[in-house]
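Inspection log for the structure reproduced underneath, given as structure tokens.
The values are calculated or read from the model by the stated rules, or taken from the named source; none is laboratory data. Since the model is a prediction, treat every value here as computed from it, not as a measurement. Positions of Cβ are backbone-derived with ideal geometry, glycine not excepted, and every protein chain shown enters the neighbour counts. Side chains are part of the model used for accessible areas, which takes the heavy atoms of the whole protein and leaves out ligands, DNA and RNA. Shrake-Rupley method; radii C 1.70, N 1.55, O 1.52, S 1.80 Å.
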Amino acid sequence: EDKVVQSPLSLVVHEGDTVTLNCSYEVTNFRSLLWYKQEKKAPTFLFMLTSSGIEKKSGRLSSILDKKELFSILNITATQTGDSAVYLCAGVNNAGNMLTFGGGTRLMVKP
Amino acid sequence: NAGVTQTPKFQVLKTGQSMTLQCAQDMNHNSMYWYRQDPGMGLRLIYYSASEGTTDKGEVPNGYNVSRLNKREFSLRLESAAPSQTSVYFCASSQIKTSGRANEQFFGPGTRLTVL
């Protein structure tokens, strides 16, 4: 059975701090790993990672995948209150039709 | 483009009642999905439809049925609702290809269902 585990479950930081969110996965016929940000409603896409070691960046957010150790991290630098959300990672199988989600990390950024 | 739309946004049912959650997408995607999200559990796949005319079970299909009415629409039916089905339900769609960002799933706004 495929499994994705995220840590920590929740995190409280102050504006300006840097955070690292973790995602480990066991996905049969793994193809890629996705990161989503979920505020009050639907998850919104952040990154898709397919190859090891290639860092994806979008502004203050960056992510990297390690396919040997089966994990990914999401870094957020200079955090802002608008970064407060639940961050979800999901492993995708090779057919591309099944996502297995982790339980999410709830990030709260205080002013 | 509206993206993925879901109706209703909220619903309260009594145990044993039935209802259908509606989902439509206007992105011409071939694949559609139904998830439920419970506190601390992330998103769990109920059913998916890889293409028009096909449906498959996901991780938690018991108590649900689905219909892929056409390429745009994918409905989820609860025949006899139970309190354990209290959850937030998300519909998603994606275009499955062999490479690129094709695996990104676009989500609807969700339906918050309470079963008393």
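Side notes on the structure shown:
- Chain B packed on chain A takes about 1800 Å² of accessible surface away from a 1.4 Å probe, both sides summed.
- Choice from B:Phe90, B:Phe106, B:Phe74 with maximal GNM fluctuation in chain B (Cα, 10 Å cutoff): B:Phe106
- Pair-distance distribution P(r) for the protein assembly as shown, from all Cα-Cα distances in 5 Å bins starting at 0: 1, 7, 15, 19, 19, 16, 12, 7, 3, 1, 0 percent.
- Estimated distance in nm for a label pair at A:Lys40 and B:Thr54, the labels positioned 7 Å out from Cα along Cα-to-Cβ: 3.9 nm
- Chain B: radius of gyration and largest Cα-Cα distance (Dmax), Å: 13.6, 45
- Long pairs among A:Lys3/A:Lys56; A:Lys68/A:Lys110; A:Lys67/A:Lys110; A:Lys3/A:Lys57; A:Lys37/B:Lys14; A:Lys57/B:Lys9, criterion Cα-Cα beyond 30 Å: A:Lys68/A:Lys110; A:Lys67/A:Lys110; A:Lys37/B:Lys14; A:Lys57/B:Lys9
- Over 16 Å [Cα-Cα, chain A], rounded percent: 55 percent
- Whole-percent carbon and sulfur share, accessible surface of chain A, 1.4 Å: 50 percent
- Simple Cβ-charge dipole of the protein assembly as shown, Lys/Arg +1 and Asp/Glu -1, about Cα centre, in debye nearest 20: 360 debye
- Just so you know, the averaged projected area of the alpha carbon convex hull for region A:39-101 sits at 5.0 nm².
- Relative contact order of chain A, pairs being alpha-carbon contacts under 8 Å that are 6 or more residues apart, as %: 38 percent
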